[in-house]
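Colleague: For reference, the structure I am asking about is given below.
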Amino acid sequence: MQNGQVTTNRNDSDSSGLIILRWPFYILHRLVPILLEWRRRGLSRYLTTALEVLIILLIFFVPLAFGGANYWAWTVMEVGVGVALILWFILGMLRRRLTIVKTPLNIILVVLLVYVFLQLVPLPAGLAGMLSGKRVALTMTGAPTGEVVGSGAPAVPSSINRHETLQSWFRMLAYAGFFFLLVNFIDTRAKLG
């Protein structure tokens with residue numbers, strides 16, 4: 001990496017011709033010493049406080065914002081949960097102790113998220129016809145949701161409204177992330193009180 005650009009040469013590709021990117025390792029190589037310096041300076045105290053404040057703000061702000069049913073409220077929730085998860089991850093790296101609490105809901109949430117995400121994946125017309133013949137017929141009659149792939153058979157997503165399905169998936173991801181954050185961050189009685 002020179003001057004912030006990813007450079008490749010013949011040694012950066014494997015036998016199939018795929019380029020191996022070195023930038024994730026470069027970022028980790030630069031990030032680990034920074035995190036160790038932050039740990040030495042006691043930054044984990046400040047990150048813990050910031051994470052607690054962010055969680056409290058989300059708990060009180062999100063229900064109030066949803067009363068107006070505005071799209072910006074969803075965005076604030078999704079970004080807030082994303083930032084909180086990143087802070088939790090950095091805090092775990094600083095403490096050199098990143099533990100994940102296993103609950104029965106973890107598997108259910110993952111299955112639900114995968115199920116909704118799979119509705120966004122376009123399926124070949126034959127497979128989609130076996131799952132939902134009416135959906136394929138709707139696509140064939142002129143609905144603008146089919147994408148032509150391969151031999152001219154349309155690829156049909158399971159979802160009729162892909163945009164709404166994607167928004168719902170991000171909402172569910174934010175809810176699951178908030179659950180994950182609460183279960184894993186609030187792990188002592190002191191954090192509850």
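All of the numbers you see were taken from the coordinates with simple rules; none came from a lab. Please read these numbers as outputs of a predicted model, since none were measured by experiment.
Colleague: Under the rule of at least 5 residues apart or a separate chain, name every residue whose amide H is placed under 5 Å from the amide H of residue 156.
Modeller: 123, 125
Colleague: List, in order, the whole-Hz ³J(HN,Hα) value for each residue of region 90-97 obtained from phi through the Karplus relation with A = 6.51, B = -1.76, C = 1.60 and θ = phi - 60°; use x for Gly and Pro.
Modeller: Karplus-based 3J(HN,Hα) across region 90-97 equals 5, 4, x, 5, 5, 7, 6, 8 Hz.
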